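Data block below; observations after.
What follows is calculated from the coordinates using simple rules that are stated; it is not laboratory data. In this text the structure is predicted, and so the values were computed from the model without any measurement. Every residue, glycine among them, receives a Cβ derived from its backbone with ideal geometry; neighbour counts consider all protein chains shown.
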Amino acid sequence: MATTAAPTGGARNGAGPEWGGFEENIQVMGGGSAVIDMENMDDTSGSSFEDMGELHQRLREEEVDADAAAAEEEDGEFLGMKGFKGQLSRQVADQVSCPGRNQMGSRQASRAFSLYANIDILRPYFDVEPAQVRSRLLESMIPIKMVNFPQKIAGELYGPLMLVFTLVAILLHGMKTSDTIIREGTLMGTAIGTCFGYWLGVSSFIYFLAYLCNAQITMLQMLALLGYGLFGHCIVLFITYNIHLHALFYLFWLLVGGLSTMRMVAVLVSRTVGPTQRLLLCGTLAALHMLFLLYLHFAYHKVVEGILDTLEGPNIPPIQRVPRDIPAMLPAARLPTTMLNATAKAIAVTLQSH
Amino acid sequence: MAEAEESPGDPGTASPRPLFAGLSDISISQDIPVEGEITIPIRSRIREFDSSTLNESVHSTIMRDLKAVGKKFMHVLYPRKSNTLLRDWDLWGPLILCVTLALMLQRDSADSEKDGGPQFAEVFVIVWFGAVTITLNSKLLGGNISFFQSLCVLGYCILPLTVAMLICRLVLLAGPGPVNFMVRLFVVIVMFAWSIVASTAFLADSQPPNRRALAVYPVFLFYFVISWMILTFTPQ
């Protein structure tokens, strides 16, 4: 369990010089530097709130999931607690060795610089296996009904980051058409800005609301939760960008989008106390998440439809958003320029309406 | 104390110096293990090497670099497990490929005043920031490849997609149409697969074996975005 790992680690560490054992263990772990991210402690700090939730969740989950969760929790806590012990002992050693002079200032300054200049600060968040990523992706679509004890959120950034990039790629793919003039620059920048802006912006906003509502969630956990919630969005958009049926989209929006939203809502409810706070937090998140999927489908779909209708003519029942003035009979030579004008007008109107 | 022999190829040295003369005032603590080779630098040979690359003609310098780039292109076109790209990495090839791709992706149309500029910058930014992101990701996953080696491999593996861009531009000269689009789609898909196979052949060994899929997936996304840019390009 979590509490037994720390004392054994501490006992092993205390034998040799404090800083020596600490560095040796870090090297064994991954060959990274000895920089420790203090925030990582927050997720594995083993407060009684988290521990009770751990226990009950483990009792109800299946064996495989429980093993995976336990192994990861132990590893994480191993790193966090040991690192904290090592760093604390190093600071104590500093003060003991030079009682007349305070080395803490220069040491902290150099450590702070190396902390920010070092990408190893992010290394613990990328410590995942493919099987873990796969199981977390599947779990993000399954809402868990247990809301009396806090549900565990995996604090990793690899899955969410890859899902945001995948969403960008799907948005770009959804805008492909043949023989059209697309302003690739604007669309690509918009896609990247939209996806990252949503992930980072909404995570920060919900984290702020969680702070107001006294919910037990850290920023990293919120980023991970929302990132994995984008998996549903990716599925829905990938399917509906290839099959242009509005009824199908609404069905998927409710089903798939609803499932991933319910999952996030259940996790947040399990970590919040009080009905008003739960309602505020979860209502905001559900509204933003579902509305984002609507926006992605219709805002970008509008651009695609405008272009498609311009090209394919009146055969397909169009949704009239832009007045088209392509006459039916037209000499072949003038057709490209006319279509060009109509397409440019469609794009201009769409971009103006944003 | 032992005396050093006269170094060969150095006619100017008059008297031999005692061995390790300059090292007697260095104190080595017992804890730090001394590893590696201890060689006495032969100054004359280094001087000769420096002047040999300084005094050579510009033509031979450029040809040497171009030959190195060309050799790496061959390694990308016929990918097999080798570490030529990793051992002598250079960023000339990625720069040439990126500039070529960005120039070809510019539109020739004169109707819009904002053309040309944003396209070039867009491609540049996407290629280089995408490569940097993938490199950071593979390092964070525990890969033991250096930053510039990874940039070098990812940049060189854009070569098949640049070839696809050339072919697409030639095919587009025939005029738009569904057949045209299918041909371009087929070419781009084949080159996209080739890029991924090539980059995987070089990068796979540097990752821990159970995390290769995690490191290859962003490469897939990166080349997908570039392929999308190539496929949807129409010079009107």
Measure of size requested: the Rg and Dmax of the stretch A:147-309, with Cα atoms as the atom set and Å as the unit; please supply both.
16.7, 56
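Give the average, rounded to an integer, of partner chain Cβ atoms located within 10 angstrom of each Cβ in A:152-158.
Working: counts 0, 0, 0, 0, 0, 2, 7.
Per residue, the number of nearby Cβ atoms from other chains is 1 on average.
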In what sequence do B:Val58, B:Val197 fall when counting other Cβ within 10 Å, fewest first?
B:Val58, B:Val197
What is the mean number of Cβ atoms from other protein chains located within 10 Å of the Cβ atom of each residue in peptide A:129-137, rounded to a whole number?
2
For the stretch A:215-257, state the semi-axes of the equivalent ellipsoid (square roots of 5 times the eigenvalues of the alpha-carbon gyration tensor), sorted largest first and rounded to whole angstrom.
28, 10, 5
List the relative contact order of the stretch A:147-309 as a percent without decimals, with contacts defined as Cα pairs under 8 Å and 6+ residues apart.
34 percent
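Taking 0.36 nm per intervening residue step and subtracting the Cα-Cα distance, what contour gain separates A:Ser106 from A:Leu279 on full extension? Walk me through the intermediate numbers first.
Values: separation 173, 0.36 × 173 = 62.28 nm, distance 4.78 nm.
Length gained, A:Ser106 through A:Leu279: 57.5 nm.
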The stretch A:135-158 versus the stretch B:168-217: alpha-carbon centroid distance in Å
35 Å
